[in-house]
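The values are calculated or read from the model by the stated rules, or taken from the named source; none is laboratory data. All values reported here derive from a predicted model rather than from experimental measurement. Positions of Cβ are backbone-derived with ideal geometry, glycine not excepted, and every protein chain shown enters the neighbour counts. Areas reflect the complete protein model, heavy atoms only, side chains present, ligands, DNA and RNA absent. Shrake-Rupley method; radii C 1.70, N 1.55, O 1.52, S 1.80 Å.
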Amino acid sequence: MKRTNASTLAGFILLGFSDQPHLEMVLLLVVSIIYILTLMGNTAIILVSYFSPKLHTPMYFFLSNLSFLDLCFTTSVVPQMLWNLKGPDKTISYTGCVIQLYVALGLGSTECILLTVMAYDRFSAICRPLHYGVIMHPKLLRQLAALAWISGFVGSTVQTILVFQLPICSHHMVDDFTCEEPALIKIACVNTTFLENELSIASVLYVVIPLGLILVSYGCIVRTVLRIKSAEGRRKAFGTCGSHLIVVVLFFGTIISVYIQPKSKFTQNYSKFLTLFYTVLTPSLNPLIYTLRNKEVKRALRRLVGKDLS
């Protein structure tokens, strides 16, 4: 197959489900509705965390960061996805693909680290309750948040540069909805063993290790909670962690399936649905998970809406 320089202005073609136009029309409607709900839900979380004094705590500081991250993440992917779903034009410019990959990788990596930081916050609150206020002081909160954002985009910078150094095959057809790194590697016209190994290392650094730390944190939390004699106390302790644990399972489960699964025609088609899940559905579920399971947030939302109406 002919090679072409990756710096060409021809751009790329995001195939998605272009061979199933009827499915694309359904996805266009569904993704549009979910995107609107994502914008509303995450914006509400940010506003209620900022305007409610009772929610000025480490937990909601990180939750606000997560909501802002989800807003940016979906906005970096969904508008282009909707444009490609609505008609025969599936193209994305070379610059647009570079930006999309860089931003999506950076925000995805940041979320992995941020969820780990949130697990540490829950560990400190339950396993070190007497020292929690001292441990999670405002300066440390800002430092942990900055660590998550900076480390995420440092990794994204390295991966994006390596991907777009590859000579791309002349058809420029990316078999996915977005400029995903695994899909871009597949259309390279050179041996990609080095980049695949680099992707594996990045997956370990940003997925396997953070998930391992989260599991260790929750192992300590479970051990501490089981020592609580009161059933009500155990229920409350588990209740403060339940929302975060659900988000962890949803996010890491799909990320692992996309980036660590074996490569085949079946798994590629399957990964397209997983891409839709973690780029579109998961960010919309996060606000619901945290509000439906959290009485403090629901009360703060009612107060905020009541003030607006009055």
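What the table below lists for this structure:
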item: Ile113 vs. criteria modelled with pLDDT of 90 or more, open to solvent by 70 Å² or more (accessible area, probe 1.4 Å) and out of contact with any strand residue (DSSP E or B) (no Cβ under 7 Å at 6 or more places or on another chain); result: no
item: Some residue of segment 71-79 being over 14 Å from the mean Cα position of the chain (by Cα) and surrounded by fewer than 22 Cβ atoms within 10 Å (Cβ to Cβ); result: yes
item: Among the residues listed as Ile221, Ile201, Ile185, Ile214, the single one being touching a Leu at 6+ places or on another chain (Cβ under 6 Å), modelled with pLDDT of 85 or more and either of a type in the set (S, T, N, Q) or outside any strand (DSSP E or B) (or both); result: Ile185
item: Any chance Asp121 is of a type in the set (D, E, K, R), out of contact with any Pro (no Cβ under 7 Å at 6 or more places or on another chain) and in contact (Cβ under 8 Å) with a residue 24 or more places away in the chain; result: no
item: Candidates Ser124, Ser67 - the one that is part of a helix (DSSP H, G or I), among the polar types (S, T, N, Q) and over 22 Å from the mean Cα position of the chain (by Cα); result: Ser124
item: Residue within segment 92-115 that is more than 30 Å from Ile161 (Cβ to Cβ) and touching a residue at least 12 places away in the same chain (Cβ under 8 Å) present; result: no
item: Some residue of segment 11-30 being crowded, with 16+ Cβ neighbours inside 10 Å, of a type in the set (S, T, N, Q) and either part of a loop (DSSP other than H, G, I, E, B) or at pLDDT below 85 (or both); result: yes
